[in-house]
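Read through the structure below, which is laid out as C-alpha coordinates, and then see the notes.
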Amino acid sequence: MQVISCCFTVCHSRMMNFAGKVVLITGASSGIGAETAVHFARLGADLVLAGRNAGALTKVVDACLEQGKRTPLAVTGNLEEDKHVKSLVKSTIERFKKLDVLVNNAGILEMGNIENTSLEQYDRIFDVNVRSVYNLTMQAVPHLTKTKGTIVNVSSICGVRSFPGVLAYCMSKATIEQFTRCVALELAPNQVRVNAVSPGVIVTPIQKRGGLSDTAYVHFLEEAKATHALGRPGEVSEVAEAITFLASEKSSFITGDSLPIDGGRHAMCPRVYAS
Ligand SMILES: NC(=O)c1ccc[n+]([C@@H]2O[C@H](COP(=O)([O-])OP(=O)(O)OC[C@H]3O[C@@H](n4cnc5c(N)ncnc54)[C@H](OP(=O)(O)O)[C@@H]3O)[C@@H](O)[C@H]2O)c1
(Lines give C-alpha, C1' and ligand atoms only; values in the text may rest on other atoms or scores of the structure.)
Protein backbone atom coordinates (compact mmCIF):
# COMPACT_ATOMS: atom_id res chain seq x y z
CA MET A 1 0.00 0.00 0.00
CA GLN A 2 2.79 2.37 0.97
CA VAL A 3 4.61 1.54 -2.31
CA ILE A 4 1.47 2.28 -4.36
CA SER A 5 0.92 5.57 -2.58
CA CYS A 6 4.60 6.48 -3.04
CA CYS A 7 4.39 5.68 -6.81
CA PHE A 8 1.25 7.78 -7.06
CA THR A 9 2.98 10.72 -5.39
CA VAL A 10 5.99 10.47 -7.73
CA CYS A 11 3.82 10.08 -10.88
CA HIS A 12 1.54 12.88 -9.79
CA SER A 13 4.45 15.24 -9.18
CA ARG A 14 5.68 14.50 -12.73
CA MET A 15 2.33 15.47 -14.26
CA MET A 16 1.81 18.96 -15.61
CA ASN A 17 0.00 21.14 -13.15
CA PHE A 18 -1.64 24.47 -13.93
CA ALA A 19 -3.27 25.04 -10.55
CA GLY A 20 -3.13 28.77 -9.82
CA LYS A 21 -2.25 29.57 -13.47
CA VAL A 22 -4.44 31.76 -15.65
CA VAL A 23 -4.66 30.63 -19.29
CA LEU A 24 -6.28 32.64 -22.11
CA ILE A 25 -7.21 30.64 -25.22
CA THR A 26 -8.54 32.20 -28.42
CA GLY A 27 -10.71 30.14 -30.76
CA ALA A 28 -11.85 28.10 -27.76
CA SER A 29 -15.34 27.56 -29.16
CA SER A 30 -14.33 24.90 -31.71
CA GLY A 31 -11.78 22.30 -32.80
CA ILE A 32 -8.25 22.51 -31.40
CA GLY A 33 -9.03 25.43 -29.08
CA ALA A 34 -12.02 23.70 -27.50
CA GLU A 35 -10.04 20.53 -26.79
CA THR A 36 -7.09 22.54 -25.48
CA ALA A 37 -9.45 24.28 -23.04
CA VAL A 38 -10.63 20.92 -21.69
CA HIS A 39 -7.01 19.74 -21.32
CA PHE A 40 -6.02 22.85 -19.36
CA ALA A 41 -9.15 22.50 -17.19
CA ARG A 42 -8.13 18.91 -16.37
CA LEU A 43 -4.72 20.25 -15.32
CA GLY A 44 -6.29 22.73 -12.91
CA ALA A 45 -6.00 26.02 -14.83
CA ASP A 46 -8.20 29.08 -14.47
CA LEU A 47 -9.41 29.70 -18.01
CA VAL A 48 -10.42 32.61 -20.17
CA LEU A 49 -12.10 31.21 -23.28
CA ALA A 50 -12.59 33.42 -26.33
CA GLY A 51 -14.68 32.77 -29.43
CA ARG A 52 -17.47 34.28 -31.51
CA ASN A 53 -20.14 31.60 -31.20
CA ALA A 54 -21.66 32.08 -27.73
CA GLY A 55 -23.61 28.79 -27.78
CA ALA A 56 -20.54 26.75 -28.73
CA LEU A 57 -18.45 28.56 -26.13
CA THR A 58 -21.00 27.72 -23.42
CA LYS A 59 -20.71 24.02 -24.31
CA VAL A 60 -16.92 24.22 -23.92
CA VAL A 61 -17.34 25.99 -20.56
CA ASP A 62 -19.57 23.09 -19.43
CA ALA A 63 -17.03 20.52 -20.65
CA CYS A 64 -14.28 22.35 -18.72
CA LEU A 65 -16.42 22.49 -15.58
CA GLU A 66 -16.81 18.70 -15.75
CA GLN A 67 -13.02 18.38 -15.70
CA GLY A 68 -11.82 21.06 -13.38
CA LYS A 69 -14.70 22.36 -11.28
CA ARG A 70 -13.28 25.87 -11.81
CA THR A 71 -15.56 28.25 -13.68
CA PRO A 72 -13.95 29.59 -16.88
CA LEU A 73 -14.57 33.14 -18.02
CA ALA A 74 -16.13 33.08 -21.51
CA VAL A 75 -15.67 36.17 -23.67
CA THR A 76 -17.40 36.41 -27.03
CA GLY A 77 -16.26 38.73 -29.78
CA ASN A 78 -14.50 39.19 -33.08
CA LEU A 79 -10.70 39.30 -32.85
CA GLU A 80 -10.62 41.52 -35.94
CA GLU A 81 -11.98 44.29 -33.71
CA ASP A 82 -9.33 46.08 -31.67
CA LYS A 83 -11.91 46.93 -28.99
CA HIS A 84 -12.62 43.23 -28.40
CA VAL A 85 -8.91 42.36 -28.17
CA LYS A 86 -8.38 45.07 -25.55
CA SER A 87 -11.43 44.04 -23.55
CA LEU A 88 -10.33 40.39 -23.63
CA VAL A 89 -7.15 41.21 -21.73
CA LYS A 90 -8.95 43.73 -19.53
CA SER A 91 -11.61 41.25 -18.45
CA THR A 92 -8.95 38.59 -17.83
CA ILE A 93 -7.13 40.88 -15.41
CA GLU A 94 -10.35 42.10 -13.80
CA ARG A 95 -11.47 38.53 -13.14
CA PHE A 96 -8.22 36.71 -12.32
CA LYS A 97 -5.78 39.61 -11.56
CA LYS A 98 -3.03 38.11 -13.76
CA LEU A 99 -2.20 36.16 -16.92
CA ASP A 100 0.25 33.22 -17.11
CA VAL A 101 -0.38 31.62 -20.52
CA LEU A 102 -1.61 33.00 -23.83
CA VAL A 103 -2.65 30.49 -26.51
CA ASN A 104 -3.06 32.28 -29.86
CA ASN A 105 -5.16 29.60 -31.53
CA ALA A 106 -8.03 31.29 -33.42
CA GLY A 107 -7.63 31.14 -37.17
CA ILE A 108 -9.43 30.88 -40.48
CA LEU A 109 -8.62 29.10 -43.71
CA GLU A 110 -9.76 30.14 -47.16
CA MET A 111 -8.88 28.46 -50.44
CA GLY A 112 -7.40 30.44 -53.32
CA ASN A 113 -4.27 30.94 -55.40
CA ILE A 114 -2.44 33.99 -56.77
CA GLU A 115 -4.91 34.23 -59.67
CA ASN A 116 -8.15 34.12 -57.70
CA THR A 117 -7.58 35.22 -54.10
CA SER A 118 -9.10 38.68 -53.76
CA LEU A 119 -7.52 41.38 -51.65
CA GLU A 120 -10.62 41.21 -49.42
CA GLN A 121 -9.86 37.54 -48.74
CA TYR A 122 -6.19 38.30 -48.21
CA ASP A 123 -7.03 41.06 -45.71
CA ARG A 124 -9.54 38.87 -43.87
CA ILE A 125 -7.07 36.00 -43.47
CA PHE A 126 -4.27 38.29 -42.35
CA ASP A 127 -6.56 40.26 -40.01
CA VAL A 128 -7.53 37.09 -38.11
CA ASN A 129 -4.43 34.90 -38.45
CA VAL A 130 -1.76 37.59 -38.07
CA ARG A 131 -2.95 41.05 -37.04
CA SER A 132 -5.13 39.85 -34.18
CA VAL A 133 -2.29 37.64 -32.90
CA TYR A 134 0.09 40.61 -32.98
CA ASN A 135 -2.49 42.82 -31.28
CA LEU A 136 -3.47 40.38 -28.52
CA THR A 137 0.14 39.44 -27.82
CA MET A 138 1.04 43.13 -27.57
CA GLN A 139 -1.75 43.69 -25.02
CA ALA A 140 -0.80 40.56 -23.07
CA VAL A 141 2.97 41.06 -22.83
CA PRO A 142 2.99 43.46 -19.83
CA HIS A 143 0.98 40.90 -17.84
CA LEU A 144 3.02 37.90 -19.04
CA THR A 145 6.19 39.74 -18.08
CA LYS A 146 4.91 40.08 -14.50
CA THR A 147 4.26 36.33 -14.24
CA LYS A 148 7.22 35.16 -16.40
CA GLY A 149 4.53 33.49 -18.47
CA THR A 150 4.42 31.63 -21.77
CA ILE A 151 2.88 32.08 -25.22
CA VAL A 152 1.91 29.24 -27.55
CA ASN A 153 0.95 30.16 -31.11
CA VAL A 154 -0.96 27.76 -33.30
CA SER A 155 0.80 27.80 -36.66
CA SER A 156 0.46 25.11 -39.35
CA ILE A 157 2.41 22.77 -41.60
CA CYS A 158 1.35 25.41 -44.17
CA GLY A 159 3.69 27.84 -42.43
CA VAL A 160 6.73 25.63 -42.91
CA ARG A 161 6.00 23.77 -46.18
CA SER A 162 4.55 25.17 -49.41
CA PHE A 163 1.24 24.11 -50.94
CA PRO A 164 -0.60 25.51 -53.97
CA GLY A 165 -4.20 26.72 -53.63
CA VAL A 166 -4.13 28.07 -50.05
CA LEU A 167 -1.75 30.97 -50.70
CA ALA A 168 -2.87 33.64 -48.22
CA TYR A 169 -3.32 31.04 -45.46
CA CYS A 170 0.19 29.62 -46.05
CA MET A 171 1.64 33.15 -46.02
CA SER A 172 -0.21 34.00 -42.78
CA LYS A 173 1.13 30.91 -41.01
CA ALA A 174 4.68 31.52 -42.30
CA THR A 175 4.37 34.92 -40.63
CA ILE A 176 3.37 33.24 -37.36
CA GLU A 177 6.50 31.07 -37.55
CA GLN A 178 8.74 34.15 -37.80
CA PHE A 179 6.64 36.07 -35.26
CA THR A 180 7.20 33.21 -32.80
CA ARG A 181 10.98 33.26 -33.19
CA CYS A 182 11.38 37.04 -33.12
CA VAL A 183 9.08 37.59 -30.13
CA ALA A 184 10.80 34.70 -28.31
CA LEU A 185 14.11 36.55 -28.61
CA GLU A 186 12.53 39.87 -27.63
CA LEU A 187 10.88 38.45 -24.50
CA ALA A 188 13.63 36.05 -23.42
CA PRO A 189 15.24 38.72 -21.20
CA ASN A 190 11.88 38.89 -19.35
CA GLN A 191 11.89 35.07 -18.99
CA VAL A 192 8.72 34.88 -21.10
CA ARG A 193 8.88 31.85 -23.41
CA VAL A 194 7.26 31.88 -26.85
CA ASN A 195 6.70 28.75 -28.93
CA ALA A 196 4.38 27.40 -31.61
CA VAL A 197 2.81 24.16 -32.68
CA SER A 198 2.51 23.45 -36.39
CA PRO A 199 -0.21 20.87 -36.95
CA GLY A 200 -0.71 18.83 -40.10
CA VAL A 201 -4.26 17.87 -41.05
CA ILE A 202 -6.30 17.68 -37.85
CA VAL A 203 -9.96 16.65 -37.89
CA THR A 204 -11.89 19.87 -37.11
CA PRO A 205 -14.48 21.98 -38.95
CA ILE A 206 -11.85 24.38 -40.38
CA GLN A 207 -11.53 22.90 -43.89
CA LYS A 208 -15.30 22.78 -44.47
CA ARG A 209 -15.63 26.28 -43.06
CA GLY A 210 -12.96 27.26 -45.56
CA GLY A 211 -15.00 26.00 -48.50
CA LEU A 212 -14.51 22.20 -48.83
CA SER A 213 -17.73 20.32 -49.62
CA ASP A 214 -18.66 17.21 -47.60
CA THR A 215 -17.49 14.97 -50.45
CA ALA A 216 -14.26 16.87 -50.95
CA TYR A 217 -13.58 16.69 -47.20
CA VAL A 218 -13.98 12.89 -47.18
CA HIS A 219 -11.50 12.74 -50.08
CA PHE A 220 -9.15 15.16 -48.26
CA LEU A 221 -9.10 12.96 -45.14
CA GLU A 222 -8.50 9.88 -47.29
CA GLU A 223 -5.57 11.64 -48.97
CA ALA A 224 -4.21 12.52 -45.51
CA LYS A 225 -3.34 8.84 -45.10
CA ALA A 226 -0.73 9.28 -47.83
CA THR A 227 0.32 12.85 -47.06
CA HIS A 228 1.25 12.07 -43.43
CA ALA A 229 4.02 9.57 -42.76
CA LEU A 230 2.04 8.01 -39.91
CA GLY A 231 -0.76 7.23 -42.38
CA ARG A 232 -3.61 9.25 -40.91
CA PRO A 233 -4.80 12.75 -40.05
CA GLY A 234 -4.35 13.93 -36.44
CA GLU A 235 -6.79 14.38 -33.57
CA VAL A 236 -7.39 17.60 -31.64
CA SER A 237 -6.20 15.95 -28.40
CA GLU A 238 -2.78 15.34 -29.98
CA VAL A 239 -2.38 19.07 -30.59
CA ALA A 240 -3.79 19.97 -27.16
CA GLU A 241 -1.19 17.74 -25.47
CA ALA A 242 1.63 19.58 -27.24
CA ILE A 243 0.18 23.00 -26.41
CA THR A 244 -0.08 22.20 -22.69
CA PHE A 245 3.49 20.84 -22.75
CA LEU A 246 4.87 24.02 -24.35
CA ALA A 247 2.90 26.14 -21.88
CA SER A 248 4.16 24.18 -18.89
CA GLU A 249 7.31 24.10 -16.79
CA LYS A 250 8.13 20.79 -18.50
CA SER A 251 9.42 22.83 -21.45
CA SER A 252 11.27 25.39 -19.31
CA PHE A 253 14.35 25.60 -21.59
CA ILE A 254 12.44 25.70 -24.89
CA THR A 255 11.70 29.01 -26.57
CA GLY A 256 11.44 30.19 -30.18
CA ASP A 257 10.56 26.71 -31.39
CA SER A 258 7.75 25.40 -33.57
CA LEU A 259 6.79 21.83 -32.79
CA PRO A 260 5.35 19.85 -35.73
CA ILE A 261 2.25 17.84 -34.76
CA ASP A 262 1.84 16.36 -38.18
CA GLY A 263 2.54 12.64 -38.24
CA GLY A 264 5.92 13.33 -39.85
CA ARG A 265 4.57 15.37 -42.75
CA HIS A 266 7.18 18.13 -42.40
CA ALA A 267 9.94 15.57 -43.06
CA MET A 268 8.39 14.20 -46.24
CA CYS A 269 9.32 14.88 -49.83
CA PRO A 270 7.38 13.78 -52.96
CA ARG A 271 8.85 10.60 -54.46
CA VAL A 272 7.90 8.40 -57.39
CA TYR A 273 8.61 4.75 -56.70
CA ALA A 274 9.83 2.57 -59.59
CA SER A 275 7.66 -0.56 -59.80
N1 LIG B 1 -7.51 21.63 -38.33
C2 LIG B 1 -6.38 21.64 -39.04
O3 LIG B 1 -6.18 20.78 -39.94
C4 LIG B 1 -5.33 22.66 -38.74
C5 LIG B 1 -4.05 22.41 -39.23
C6 LIG B 1 -3.05 23.34 -38.98
C7 LIG B 1 -3.32 24.46 -38.24
N8 LIG B 1 -4.57 24.69 -37.77
C9 LIG B 1 -4.80 25.92 -37.00
O10 LIG B 1 -5.40 25.60 -35.77
C11 LIG B 1 -6.13 26.73 -35.29
C12 LIG B 1 -7.50 26.26 -34.84
O13 LIG B 1 -8.18 25.75 -35.97
P14 LIG B 1 -9.26 24.58 -35.91
O15 LIG B 1 -8.85 23.57 -36.88
O16 LIG B 1 -9.54 24.20 -34.52
O17 LIG B 1 -10.49 25.37 -36.59
P18 LIG B 1 -12.01 25.64 -36.13
O19 LIG B 1 -12.57 24.42 -35.53
O20 LIG B 1 -12.64 26.26 -37.33
O21 LIG B 1 -11.83 26.73 -34.98
C22 LIG B 1 -11.41 28.04 -35.27
C23 LIG B 1 -11.63 28.88 -34.04
O24 LIG B 1 -11.18 30.22 -34.32
C25 LIG B 1 -12.22 31.13 -33.97
N26 LIG B 1 -12.20 32.30 -34.84
C27 LIG B 1 -12.10 32.34 -36.19
N28 LIG B 1 -12.17 33.60 -36.61
C29 LIG B 1 -12.32 34.39 -35.53
C30 LIG B 1 -12.48 35.78 -35.34
N31 LIG B 1 -12.49 36.65 -36.35
N32 LIG B 1 -12.62 36.24 -34.06
C33 LIG B 1 -12.64 35.38 -33.02
N34 LIG B 1 -12.49 34.05 -33.14
C35 LIG B 1 -12.35 33.56 -34.38
C36 LIG B 1 -13.50 30.33 -34.16
O37 LIG B 1 -14.54 30.94 -33.40
P38 LIG B 1 -16.10 30.67 -33.73
O39 LIG B 1 -16.23 29.22 -34.12
O40 LIG B 1 -16.76 30.97 -32.41
O41 LIG B 1 -16.47 31.57 -34.83
C42 LIG B 1 -13.09 28.97 -33.65
O43 LIG B 1 -13.18 28.93 -32.25
C44 LIG B 1 -6.15 27.74 -36.43
O45 LIG B 1 -5.20 28.74 -36.21
C46 LIG B 1 -5.76 26.89 -37.64
O47 LIG B 1 -5.14 27.67 -38.65
C48 LIG B 1 -5.59 23.81 -38.00
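The values are calculated or read from the model by the stated rules, or taken from the named source; none is laboratory data. Fair warning: this is a prediction, and the values are worked out from it, not measured in the lab. Ideal geometry is used to build each Cβ from the backbone, glycine not excepted, and the neighbour counts take in all protein chains shown. SASA here: full protein model, heavy atoms, side chains in, ligands and nucleic acids out. Shrake-Rupley method; radii C 1.70, N 1.55, O 1.52, S 1.80 Å.
General remarks:
- With contributions of -39500 (n - 2.57) from each DSSP H run of at least four residues, the per-residue ellipticity at 222 nm computed over the chain stands at -15000 deg cm²/dmol.
- Share of carbon and sulfur in the accessible heavy-atom surface of the chain [1.4 Å probe, %]: 58
- Surface accessible to a 1.4 Å probe, per residue, for the residues of segment 2-262, Å²: 49
- Each residue, residue 116 and residue 186, gets one label point 7 Å from its Cα in the Cβ direction; the gap between the two is 3.7 nm.
- Listed values for segment 102-115 are Karplus-derived 3J(HN,Hα) couplings in whole Hz (6.51 cos²θ - 1.76 cosθ + 1.60, θ = phi - 60°), namely 10, 10, 7, 10, 4, x, 10, 10, 9, 6, x, 10, 5, 8, and x replaces Gly and Pro.
- Heavy atoms of residue 122 accessible to a 1.4 Å probe, total area in Å² rounded to 10: 80
- Listed residues 162, 137, 229: farthest to the positive end of the dipole of the chain (Cβ charges): 137
- Between residue 147 and residue 52, the contour length at 0.36 nm per residue exceeds the Cα-Cα span by 31.4 nm.
- Rounded to the nearest whole angstrom, the semi-axes of the ellipsoid equivalent to the chain, taken from the Cα gyration tensor as √(5λ), stand at 30, 23, 19, largest first.
- Extension gain from residue 226 to residue 267, taking 0.36 nm per residue of separation minus the Cα-Cα distance: 13.4 nm
- Charge dipole magnitude, Cβ of K and R +1, D and E -1 - segment 149-261, Cα centre, debye nearest 20: 140
- Separation of alpha-carbon centers, segment 191-234 and segment 124-185, rounded to whole Å: 18
- Reach of residue 83 by Cα under 22 Å, taken over lysines that are not fewer than 8 positions away in the same chain: 97, 98
- Proximal charge balance of residue 179 [Cβ under 15 Å; K/R count +1, D/E count -1]: 0
- Net charge of the neighbourhood of residue 144, taken over other residues with C-beta under 10 Å away and scored Lys/Arg +1, Asp/Glu -1, is +3.
- The magnitude of the dipole of the chain, with charges of +1 and -1 set on the Cβ of Lys/Arg and Asp/Glu and taken from the Cα centre, is near 780 debye.
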